[in-house]
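Just below is one structure, and these are the notes that go with it.
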Amino acid sequence: MRIRETIVAAGLLSITAALLAPREAAAQSAPPVVQRDKNWDIVSNVTMVAGATIVSLMPRVYFNDPEATVGWKGRWHISALAPIMTMTALTLMVDIPIKNAIKTTRPGCTVDGTVYPLTECASFGAPSTQSYAAWGATGAGTGIFLIDTIKWSDGRFNVPYFLGDVIAPLTLSVLSSVSRSVAPGSSQPYETPGSIAAGALTGFASGLIVGGAYALLQKPSCGFGNSIFCW
């Protein structure tokens, strides 16, 4: 009996010791620490919005039909909301589902680091949303300008219209894309050159198609009357 009691007691002590033994702690990866320059982020966003705003607010400029009052005219169309909303929707698609499908990490980050919200690695970087939106505005402005000049103005070139719909957004697009690649000091850029180029090329192509199609479908004049706003 004593041997049996001893075995049972030893077994109970072994189980108790096993339960009370300190477990090995599972190591957790620390959130990534990546430094980026906030000022250049602001510059890229401001120039992106400024370029899109200029193209959105530019009137349709055309050389009026000789059968009416001859000369350059400018008209604002409520129908311009169509290309604006189309490019906005495409930009949102790039920023969320397309980026999440491609899964290209930002400089200094890994895929594992994207699980940490509110960090510099929380989102993917390709294609660059800022570059897509900025160059999309340039493409849309260029498409509208080309159609208005070639088709509706019979090839007559208007310098202020060219500056407003092409040169101004083009300049701001370059600044926006450059701002995404700047890395002063020990900081990391917001996006890689490949991500920036992908956003710029696809954005310009999308904008050119959307802007050109809109200009072809919507005549720049307001029809009868001298109203500068077309409803």
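The values are calculated or read from the model by the stated rules, or taken from the named source; none is laboratory data. Here the structure is a predicted model, which is why all the values come from computation and not from measurement. All Cβ positions, glycine included, derive from the backbone under ideal geometry; neighbour counts span all protein chains shown.
Can you tell which of 149, 142 is in a helix (DSSP H, G or I), over 27 Å from residue 45 (Cβ atoms) and either polar (S, T, N, Q) or modelled with pLDDT of 95 or more (or both)?
149
Among the residues that make up the stretch 57-71, is at least one of them part of a strand (DSSP E or B), at pLDDT 95 or above and of a type in the set (A, V, I, L, M, F, W, C)?
Yes, the conditions are met somewhere in the stretch 57-71.
With the structure loaded, tell me whether residue 113 is in a helix (DSSP H, G or I) and in contact (Cβ under 8 Å) with a residue 60 or more places away in the chain or whether it fails that test.
The answer is yes for residue 113.
When you scan the stretch 96-106, how many residues do you find that are surrounded by fewer than 19 Cβ atoms within 10 Å (Cβ to Cβ) and under 10 Å from residue 125 (Cα atoms)?
Summing the residues that are surrounded by fewer than 19 Cβ atoms within 10 Å (Cβ to Cβ) and under 10 Å from residue 125 (Cα atoms) in the stretch 96-106 gives 4.
Select from the stretch 54-75 the residues that are loosely packed, with under 15 Cβ neighbours inside 10 Å and under 26 Å from the mean Cα position of the chain (by Cα) and list them in ascending order.
57
Do we find a residue being assigned to a helix (DSSP H, G or I), of a type in the set (A, V, I, L, M, F, W, C) and in contact (Cβ under 8 Å) with a residue 60 or more places away in the chain anywhere in the stretch 89-105?
yes
Could you list all residues from the stretch 152-166 that are of a type in the set (Val, Ile, Thr) and crowded, with 16+ Cβ neighbours inside 10 Å?
Answer for the stretch 152-166, where residues must be of a type in the set (Val, Ile, Thr) and crowded, with 16+ Cβ neighbours inside 10 Å: just 166.
Can you list the helices (runs of 4 or more DSSP H) lying wholly within the stretch 153-231 that have 1 or more residues being among the charged types (D, E, K, R) and without any contact (Cβ under 8 Å) to a residue 40 or more places away in the chain?
none
Identify, by number, the condition in (1) surrounded by fewer than 19 Cβ atoms within 10 Å (Cβ to Cβ); (2) farther than 27 Å from residue 102 by Cα; (3) hydrophobic (A, V, I, L, M, F, W, C); (4) within 26 Å of the chain's Cα centre (by Cα) that residue 147 doesn't meet.
(1)
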